[in-house]
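Computed from the coordinates by the stated procedures, all read-outs in this text should not be read as laboratory data. Worth saying up front: this structure is predicted, and the values here are computed from it rather than measured. Counting neighbours? That spans all protein chains shown, and the Cβs are built from the backbone with ideal geometry, glycine included.
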Amino acid sequence: MVSSSLLASNIGQLVTNDPARDDLLGAIDDAAIAVSDGHVVWVGPAADVPGEWRELPEFDCEGAAVVPGFVDAHTHLAFAGDRADEFGRRLRGESYEEIMAAGGGIQSTVAATRAASARELLTTTMPRVERMLRAGTTTVEIKSGYGLDRDTELRLLGAIAAVDDSLEIDAVPTFLGAHTVPIEFAGDGDGYVTHLVDEILPACAPYARFCDVFCDEGVFTVEQARSVLYAGRQHGLEPRLHANQLAASGGAKLAAELGAVSADHLDHIDDEDIDVLRAAGVVAILLPGVSFSLQLPQARGNDLWDAGVTVALATDCNPGTSNIETMPFVIALACLEMGLSPERAIWSATRGGALALGLEDRGQLTPGALGDFVVLAHPSYVHLAYRPDAPPVRAVIKRGELVAG
Ligand code: NIG
Ligand code: FE
């Protein structure tokens with residue numbers, strides 16, 4: 001793991017997300033930031049850099065805006081094959097649920113992934129993550145879930161560990177054995193849940209940090225999700241879940257009941273769901289790329305924000321519902337399609353993502369935090385939405401080391 005020291009100077013606009021400052025983003029104009037041994041040691045106006053940090057190797061940002069490294073807290077990017085054919089069918093009128101019911105959807109990626117060797121999985125997964133890193137993602141959560149049997153789930157978690165070891169990005173592994181009921185258990189969701197809890201979860205738990213369930217209409221019920229997440233917790237995995245994506249399926253309330261770290265998607269929530277999420281301190285992870293790709297209405301991002309729920313944004317990068325890899329594009333969608341302000345979108349893509357993963361040491365640029373940040377190819381963060389097709393990133397710094405740009 002790299003860990004280095006530098007002084008980033010000549011920053012036109014610095015987003016710190018410092019909660020001690022008045023504005024949401026804690027923005028400072030004409031700023032500098034000093035990183036020593038991978039951690040932020042000083043942040044402030046360029047004119048005030050203390051003498052002890054002036055000798056650090058300098059990185060001249062040439063007036064560009066700097067934001068904390070993006071934290072993409074929900075992805076399914078470890079998989080084989082692609083589903084361009086299904087995407088075409090959707091554009092010709094079939095729905096995601098119809099394709100799923102006809103044996104396509106997640107099942108077709110499961111078939112391709114089961115057939116892929118560990119090496120083949122790495123060959124498809126690594127370039128995706130490299131592109132994410134070059135677009136400013138410095139921490140990424142990656143779910144298993146296209147195996148649905150012990151060996152393939154283990155192979156996926158192995159690929160996630162290899163990403164974490166071999167690239168500068170931090171990869172956080174989530175076990176999603178309950179992504180759907182595999183064909184060998186067709187019609188017997190309870191049977192699969194028993195098998196999952198008894199056989200797959202105990203083998204996989206040592207390689208994951210979180211346990212996730214796709215709790216939704218036609219997938220796993222609230223009762224099934226509850227048993228998987230309880231079992232996950234017994235194996236040391238914190239719960240999070242896919243909730244209320246396809247229907248008002250009770251997932252958000254289950255997330256609150258369990259004190260899950262996050263409830264994700266939330267396309268079908270009412271005011272009561274919003275209240276219980278806020279009261280339980282569950283982070284809402286919103287995925288505007290999914291609604292964009294499926295051409296559906298966006299989730300109630302501003303209502304969640306207004307109610308005081310902590311909101312994160314993520315790509316949900318997966319072959320079916322959001323084949324989107326970069327956070328700058330998600331930020332543009334969050335502003336232009338979901339209606340978030342640029343400030344809310346930037347905060348949710350950085351600090352919100354960090355809180356959704358329980359990682360207090362990132363997503364903000366304050367002394368003690370990781371020295372993870374992105375030098376934008378723009379004079380202000382607003383340009384990420386204002387010029388959504390312009391190359392967004394000039395350089396990426398991870399733990400004080402230049403890793404892209
Ligand atoms: O987050 N909702 C469940 N899982 C993915 C879709 C996976 C797929 O279609 O392959 C999602 O949208
Ligand atoms: Fe997902």
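Values computed for the structure shown
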read-out: Ranked by how many other beta carbons lie within 10 Å on average, peptides 116-126, 141-151 from highest; value: 141-151, 116-126
read-out: On Cα atoms only, tilt of 327-336 relative to the major axis of the chain in degrees; value: 80 degrees
read-out: Crossing angle, helix 271-280 versus the chain [Cα axis fit, 0-90 degrees, rounded to tens]; value: 70 degrees
read-out: The chain: relative contact order in percent, alpha carbon pairs under 8 Å with at least 6 residues between; value: 21 percent
read-out: Reciprocal of mean inverse Cα separation for the chain (Kirkwood radius, Å); value: 21.2 Å
read-out: Cα gyration tensor shape for the stretch 164-269, rounded if a/c is under 1.5, else prolate or oblate; value: oblate
read-out: Highest-first arrangement of 247-254, 91-98, 14-21, 351-358, where packing means the average Cβ count within 10 Å; value: 351-358, 247-254, 14-21, 91-98
read-out: Beta bridges by DSSP in the chain, antiparallel share as percent, to the nearest 5; value: 45 percent
read-out: The chain - mean residue ellipticity at 222 nm from DSSP helices (-39,500 (n - 2.57) per run, n ≥ 4, rounded to 500); value: -9500 deg cm²/dmol
read-out: Inter-part distance where the stretch 1-46 and the stretch 203-230 are each reduced to a Cα centre, Å; value: 38 Å
read-out: Principal-axis tilt of helix 118-134 within the chain, Cα atoms, nearest 10 degrees; value: 40 degrees
read-out: Contact order relative to length of the stretch 328-405, as percent, for alpha carbon pairs under 8 angstrom and 6 or more apart; value: 28 percent
read-out: Residues whose placed amide H lies under 5 Å from that of G371, excluding near-sequence neighbours; value: H39, V40, R399, G400
